[in-house]
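Student: I have a structure here, written as structure tokens, and I will follow up with some questions on it.
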Amino acid sequence: MRNDSYEFLDYKVEDEIGILTINREDKLNALNEKVLDELRDFLEFNCKSTIKGLILTGAGEKAFIAGADIKAMTSMDSTEASEFAYKGQQVTFMFEEIRFPVIAAVNGFALGGGCEVALACDFILCSENAVFGLPEVSLGLIPGFGGTQRLTKIVGRNRAKELIYTGRMVKADEACEIGLSLKSLTSKEELIAEAKNIINKASKNSPHAIGVAKFVINRGADINLDEGLKVERDMFGEIFSSYDMKEGTLAFLEKRKAQFKGE
Ligand code: CO8
């Protein structure tokens, strides 16, 4: 599957910023196999590195993504379920690995797999009506798109356990207090505008350096401090062979604005 038109995804580029919308509004943008296939295809073939950053959101005002498709899961056997989880994990991994900023703009429900996809983005901004939660245990399931791992790293082990054991819903204010979301905005328009604003600010800096910083931060989350510092100094050394590093430091000395190329 390699094309630009998807059944459940809308994609547009505004001011060189990509806006990807999961569009399955009648099912609160729940993730079935087709949505995951389309996301994987999009991330592999159609998410061009020419954009400054990517915003991920859900169609309508009610939901970002209300989770993996519960109806579809009821007919899966163990093998199919673990393949389904693997597909979701691949998608979250691909969002995480993109070298430019990826922001989840959470409008409404971000539950289960939906919350897990948001957690794989660089960070989350949300609207005032946002509701987060990992209610899988209420269905006899556990988070399967990386939630047990990423939520723990973001909000800490104890809070993650409390949220996963109780499956309780977390509203926008609390999501910001516990570091799940960076900020809450009053409307979906403001949410998208703020996400664009952050990407635009970042894009004034070296895209290459941002990509390297993202790589080092993400790697550091999975290894111990010693190993993380080694990755940091290796990449610090490597970046000295980049055009952007030479241009950025020279521009400072020449008291002019740097013209970065992202390489
Ligand atoms: N899956 C499938 N359909 C859904 C989902 C979902 N997760 N969420 C909502 N829908 C559908 C509803 O069935 C309904 O469809 P229909 O009109 O055909 O009946 C439509 O969307 C609208 O939903 P509601 O009528 O329920 O809307 P309400 O405003 O009354 O309620 C809620 C909104 C509270 C969000 C409610 O829909 C809800 O609780 N949804 C389920 C939330 C949930 O439990 N999500 C977690 C799912 S499990 C998961 O994500 C596991 C991820 C890891 C998978 C690992 C692979 C195996």
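The values are calculated or read from the model by the stated rules, or taken from the named source; none is laboratory data. This is a predicted model, so every value here is computed, not measured. No Cβ is skipped: glycine too gets one built from the backbone with ideal geometry, and neighbour counts run over all protein chains shown. Surface accessibility is based on the protein's heavy atoms, side chains included, excluding ligands, DNA and RNA. Shrake-Rupley method; radii C 1.70, N 1.55, O 1.52, S 1.80 Å.
Student: Probe radius 1.4 Å, ligands and nucleic acids ignored: give me the carbon and sulfur share of the accessible area of region 67-133 as a rounded percent.
Tutor: On region 67-133, the fraction of accessible area on carbon and sulfur atoms equals 56 percent.
Student: May I pose another question? At a 1.4 Å probe, what is the % contribution of carbon and sulfur to the accessible area of region 1-57?
Tutor: 41
Student: Where the only charges are on Cβ atoms (+1 Lys, Arg; -1 Asp, Glu), what is the dipole of the chain about its Cα centre, to the nearest 20 debye?
Tutor: 720
Student: Can you pull out the trypsin sites (Lys or Arg not before Pro) in region 187-263 that DSSP calls coil and that have at most 15 other Cβ atoms within 10 Å?
Tutor: For trypsin sites (Lys or Arg not before Pro) across region 187-263 that sit outside H, G, I, E and B with at most 15 neighbouring Cβ atoms in 10 Å, the list reads Lys204, Lys255, Arg256, Lys257, Lys261.
Student: Kindly report the accessible area of the chain per residue (heavy atoms of protein chains, probe 1.4 Å, no ligands, DNA or RNA), in Å².
Tutor: Per-residue value: 52 Å².
Student: Report the charge-dipole magnitude of region 113-263 in Debye, nearest 20, computed about the Cα centre from +1 at each Lys and Arg Cβ and -1 at each Asp and Glu Cβ.
Tutor: It comes to approximately 260 debye.
Student: Considering only protein heavy atoms, what is the solvent-accessible area of Ser127 at a probe of 1.4 Å, reported in Å² to the nearest 10?
Tutor: 0
Student: Give the long-range amide H neighbours of Gly58: residues separated by 5 or more places, or on another chain, with amide H under 5 Å away, using H modelled in the peptide plane at 1.01 Å from N.
Tutor: For Gly58, whose amide H was placed from the backbone, the distant partners under 5 Å are Ile22, Asn107.
Student: What lysines does Lys196 reach when the alpha-carbon gap must be under 24 Å and sequence neighbours fewer than 8 apart in one chain are set aside?
Tutor: Lys12, Lys48, Lys52, Lys62, Lys171, Lys183, Lys188, Lys204, Lys214, Lys257, Lys261
Student: Turning to a different aspect of this structure: Enumerate the residues in region 165-204 having an amide nitrogen under 18 Å from the point lying 7 Å beyond the Cα of Glu14 toward its Cβ.
Tutor: Zone members listed by number: 185-203.
Student: Determine which lysines satisfy two conditions relative to Lys34: a Cα distance under 17 Å, and not lying fewer than 8 residues away in the same chain.
Tutor: By straight Cα distance, Lys34 reaches Lys71, Lys87.
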